[in-house]
Structures are given as C-alpha cells and as structure tokens.
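Undergrad: Got a structure here, written out as structure tokens. Questions coming.
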Amino acid sequence: MEMTDGAGAPAQENDYSVWAIPPEDVRERLKKLMGGLRSEFGGPEIFQPHITVVGAISLTEQDALEKFRSACEGLKAYQARTDRIVTGAFPSQCLYLLFQSTPEVMDASAHCCRHFGYKRSNQYMPHLSLLYGTLTNEEKKKAKEKTHVLDESIDGLNFQIGRLALWITDRKDNGTLETWKLISECSLSPN
C-alpha cells in the first residue's frame, strides 16, 4: 500500500534512525569531551550524544512515527556500560565509545529493529561517536590519547538508557549533519 500526502501525491520518504539518549549528566560530560576533541581535530558538531539503536531506514514520517511509538511501548529502560575507546574507518565512526554487548543492549536494538523491519547487514555494534571526520591513522591515535587527557575515566561509564529519539538522518548528507532533525522522543518504562 502506497502512502500519500493530503493531496494524493506519494508521501515523501526520508532516512530515519532511532537513538538511545544518555541521561542529562552523562550528555553534558560527553558534550564537553566532544567539544574538546572537535576544537583540536575538527569535524561537525554532533547535536546529541547518542547510541544508534536502529540505523538509517527509508520511511515516510507517518510510518516512522507509528513504528517508533510501537517500539517504545514495549521497551523498558536498560543499562549501558562502555567497553573502550575505538577508532573506526568511517567518518561517522572516526572515534567512538564502544559499549558492552550485554543482553539488555542487544535485545533493545533487536526489539526496535523488529518494529521498524530493519535488517542489519552486520552484527549490532553499540557505540557512541565522539568525533566525526576523516583523520589519518596518526591523527586518530592522537585523538584517542586526547580523549583520556580530557576525561580520564570516560571508558568506565555505566548509565541507564531511559529515552529513545527518532531522527531524520539523511545518508546523503556527506558528514555535515545539517539535514539531521529530531522528530520525536519517548521515555521508556522504568526497569
């Protein structure tokens, strides 16, 4: 069934992602760290520290909102624990905090993916990007070292995920993040 707007034209599809949002105190700590890294190594500002739960999937806004609400209704708050700081091969994963793949974390993502009909091409890797960009391997090594200078215990975080957010995350944005936009948020039921 094709969705249409009020005038009968096909409804526009965008890329949507679901993010787990850390609590306020952790977000502020992460924003400070991210700002310090960005001031030295460049890159766009990441609006909201987040752990991607469902990667970009093309949907209409109405369909995305319905799937998001449905996924949130059946999900309880859960714990997230960092494992270590890692450098990656993609601009969106230049430098990130890798989270432990606990059953709670993996189940939350699987639950949301089922509601969105999202099929992963690789195993879920829960992470929180600290720096977006295209750095050399030497620069990434320096950025990783700088992370510990700016916040020496950052890779020991342990916190509860109590909120999810639905964002438009256009894959054709080319790393500027200018087209990314918050659509909706939900609070998860207490665990």
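Undergrad: Roughly how many whole Å is it from the C-alpha centroid of the stretch 40-64 to that of the stretch 133-156?
TA: Value for the Cα centre distance between the two parts: 22 Å.
Undergrad: Okay, moving on. Report the one residue of 154, 53, 72 whose Cα lies farthest in the direction of the positive end of the charge dipole of the chain (charges on C-beta: Lys and Arg +1, Asp and Glu -1; origin at the Cα centre).
TA: So the residue furthest toward the plus end is 154.
Undergrad: Turning to a different aspect of this structure: If packing is taken as the average number of other Cβ atoms within 10 Å across a peptide's residues, how do 133-141, 36-44 rank, most packed first?
TA: Numbers: 133-141: 13.7, 36-44: 16.2.
Result, highest mean first: 36-44, 133-141.
Undergrad: Write out the cysteines belonging to the chain for which the nearest other cysteine Cβ is not under 4.7 Å, or none if no such cysteine exists.
TA: Cys with no partner Cβ under 4.7 Å: 94, 112, 113.
Undergrad: With a probe of 1.4 Å, find how much accessible area the stretch 30-76 has per residue, and write the answer as a whole number in Å². List each step's numbers first, then the result.
TA: On the way: 2090 Å² over 47 residues.
Per residue, the stretch 30-76 has an accessible area of 44 Å².
Undergrad: I've got another one for you. Test of understanding: in a Gaussian network model of the chain with alpha carbons linked when under 10 Å, which of 68, 99, 159 would top the mean-square fluctuation ranking?
TA: 159
Undergrad: Right, here's the next one. Indicate, rounded to the nearest 5 percent, the antiparallel portion of the DSSP beta bridges found entirely in the stretch 32-185. Don't skip to the answer; put the middle values down first.
TA: Values: 17 of 17 bridges.
In the stretch 32-185, DSSP labels about 100 percent of beta bridges as antiparallel.
Undergrad: Mind checking the angle between helix 61-73 and the chain's longest principal axis? C-alpha axes, 0 to 90 degrees, to the nearest 10.
TA: That works out to roughly 70 degrees.
Undergrad: Give the long-range amide H neighbours of residue 157: residues separated by 5 or more places, or on another chain, with amide H under 5 Å away, using H modelled in the peptide plane at 1.01 Å from N.
TA: 82
Undergrad: Could you please report the charge total around residue 125, scoring K, R as +1 and D, E as -1 over all other residues with beta-carbon less than 14 angstrom from its beta-carbon? Working shown, then result.
TA: Working: positive: 84, 120; negative: 83.
Value of the local net charge: +1.
Undergrad: Determine the calculated [θ] at 222 nm for the chain from helices alone, applying -39500 (n - 2.57) to every DSSP H run no shorter than 4 residues and normalising by the residue count; nearest 500 deg cm²/dmol. Each step should come with its number before you reach the end.
TA: Details: 4 runs with 59 residues, N = 191.
Dividing the helical sum by the residues of the chain leaves -10000 deg cm²/dmol.
Undergrad: What is the helix-to-structure angle for 103-116, meaning the angle in degrees between its Cα long axis and the longest Cα principal axis of the chain, kept from 0 to 90 and rounded to the nearest 10?
TA: Once rounded, one gets 30 degrees.
Undergrad: Per residue, what volume in Å³ does the Cα convex hull of the stretch 44-87 take up?
TA: On the way: hull volume 5.9 nm³, N = 44.
In the stretch 44-87, the Cα convex hull volume per residue is 133 Å³.
Undergrad: I've got another one for you. Rolling a 1.4 angstrom probe over the protein chains, ignoring ligands and nucleic acids, what is the accessible area of residue 85 in square angstrom, nearest 10?
TA: Spelled out: residue 85, probe radius 1.4 Å, area about 10 Å².
Undergrad: If you don't mind, there's one more thing I want to ask. Hey, what do the phi angles of the stretch 137-142 turn into as Karplus ³J(HN,Hα) couplings, whole Hz, using 6.51/-1.76/1.60 and θ = phi - 60°, x for Gly and Pro?
TA: 4, 5, 5, 4, 4, 5
Undergrad: Let me ask you something else. Note the angle between two axes, namely the Cα long axis of helix 24-41 and the longest principal axis of the Cα atoms of the chain, as a number of degrees from 0 to 90, rounded to the nearest 10.
TA: 60
Undergrad: Let me ask you something else. For the chain, which whole-number percentage of the solvent-accessible area (1.4 Å probe, protein heavy atoms only) is attributable to carbon and sulfur atoms? All intermediate terms of the calculation are to be shown ahead of the outcome.
TA: Working: 4650 of 9960 Å².
It is 47 percent, rounded to a whole number.
Undergrad: Between residue 95 and residues 5 or more places away or on another chain, which pairs have amide H atoms under 5 Å apart, with H built 1.01 Å from N, and which residues are they?
TA: 88, 130, 131
Undergrad: Which lysines, if any, have their Cα less than 27 Å from the Cα of residue 31, not counting same-chain residues under 8 positions apart?
TA: Candidates past the 8-residue exclusion: 76, 140, 141, 142, 144, 146, 172, 181.
The values are calculated or read from the model by the stated rules, or taken from the named source; none is laboratory data. Nothing here was measured: the structure is a model prediction, and the numbers come from that model. For neighbour counting, all protein chains shown are included, and Cβ atoms are generated from backbone atoms with ideal geometry for every residue, glycine included. Keep in mind that these areas ignore ligands, DNA and RNA; they rest on the heavy atoms of the full protein, side chains included. Shrake-Rupley method; radii C 1.70, N 1.55, O 1.52, S 1.80 Å.
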